[in-house]
1. Does any residue in the stretch 109-138 that is more than 12 Å from G82 (Cα to Cα) and in a loop (DSSP other than H, G, I, E, B) come within less than 8 Å, Cβ to Cβ, of a residue that is among the polar types (S, T, N, Q) and open to solvent by less than 70 Å² (accessible area, probe 1.4 Å) six or more places away or on a different chain, and which pairs are these?
2. So which of Q64, Q33 ends up being open to solvent by 60 Å² or more (accessible area, probe 1.4 Å) and modelled with pLDDT of 90 or more?
3. Inside the stretch 27-70, can you point out the residues that are under 22 Å from the mean Cα position of the chain (by Cα), closer than 30 Å to P122 by Cα and among the hydroxyl-bearing types (S, T, Y)?
4. Within the stretch 14-36, restricting attention to residues that are touching a residue at least 12 places away in the same chain (Cβ under 8 Å) and part of a strand (DSSP E or B), which residue is farthest from R48 (Cα to Cα)?
5. Do you know which of the residues in the stretch 71-91 that are modelled with pLDDT under 95 and within 21 Å of V125 (Cα to Cα) is surrounded by the fewest Cβ atoms within 10 Å (Cβ to Cβ)?
6. Mind checking which residues of the stretch 142-173 are farther than 23 Å from P118 by Cα and outside any loop (DSSP other than H, G, I, E, B)?
Amino acid sequence: SAVAWEACSGTRAWPLSGPDGVKRVYAQFRNSQLVETSVVSDDILLDRAAVISAVTEDTGGAPQTRNDVIHFTVDANGEAGGTATVDIAGHAAGIALYDDGTHGDSVAGDGVYEVDYPITQPQDVTNAAVTGHFTDTHGNVATPVTAAGTVTVAIAPQIFNVQVVPDSDAGTAVV
């Protein structure tokens, strides 16, 4: 459809409507002698939202302890190239997940962010919520999603020094 000519100023913001996805934009130019160019076009990706479709942890509700490994996933609905993290309430925040085939990620670039997280923090938690976060490459921040399962971490105390006081007369010892 025909639109009014406007002076070229280098950049032009143009509102796009409809769902996110590939959009084709068109332009035509004319000079001061009213000589017009051919219509040119280009495709752009309209991306106004980031979405998390699932957050998982693999403990199955079983208590974890020091050096156990928990596998976390944040499924960003197939959107690769972003940044994903998970929080274990009361235990650890901002645990980085990967979509590059490393750190427990099974397939690089598939938009499913994963990590094999070793328990090293000394904090115990019971039935802690796991919340996933995702920001896409365009800066869109997804609404956080909480995993269906919870995580329990029960760290056994570490004993570093034991003192035994024997009582030979009584045949006992105090630890």
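1. I119/Q64; I119/T65
2. Values: Q64 fails: open to solvent by 60 Å² or more (accessible area, probe 1.4 Å).
None of the others qualify; the one that does is Q33.
3. The answer is T56, T59.
4. It comes out as R30.
5. My answer is G90.
6. V165, P166, D167, T172, A173 - these are the residues of the stretch 142-173 that are farther than 23 Å from P118 by Cα and outside any loop (DSSP other than H, G, I, E, B).
The values are calculated or read from the model by the stated rules, or taken from the named source; none is laboratory data. Because the structure is predicted, anything quoted here is derived from the model rather than measured. A quick note on method: Cβ atoms are made from the backbone with ideal geometry, for glycine too, and the neighbour counts reach across all protein chains shown. SASA here: full protein model, heavy atoms, side chains in, ligands and nucleic acids out. Shrake-Rupley method; radii C 1.70, N 1.55, O 1.52, S 1.80 Å.
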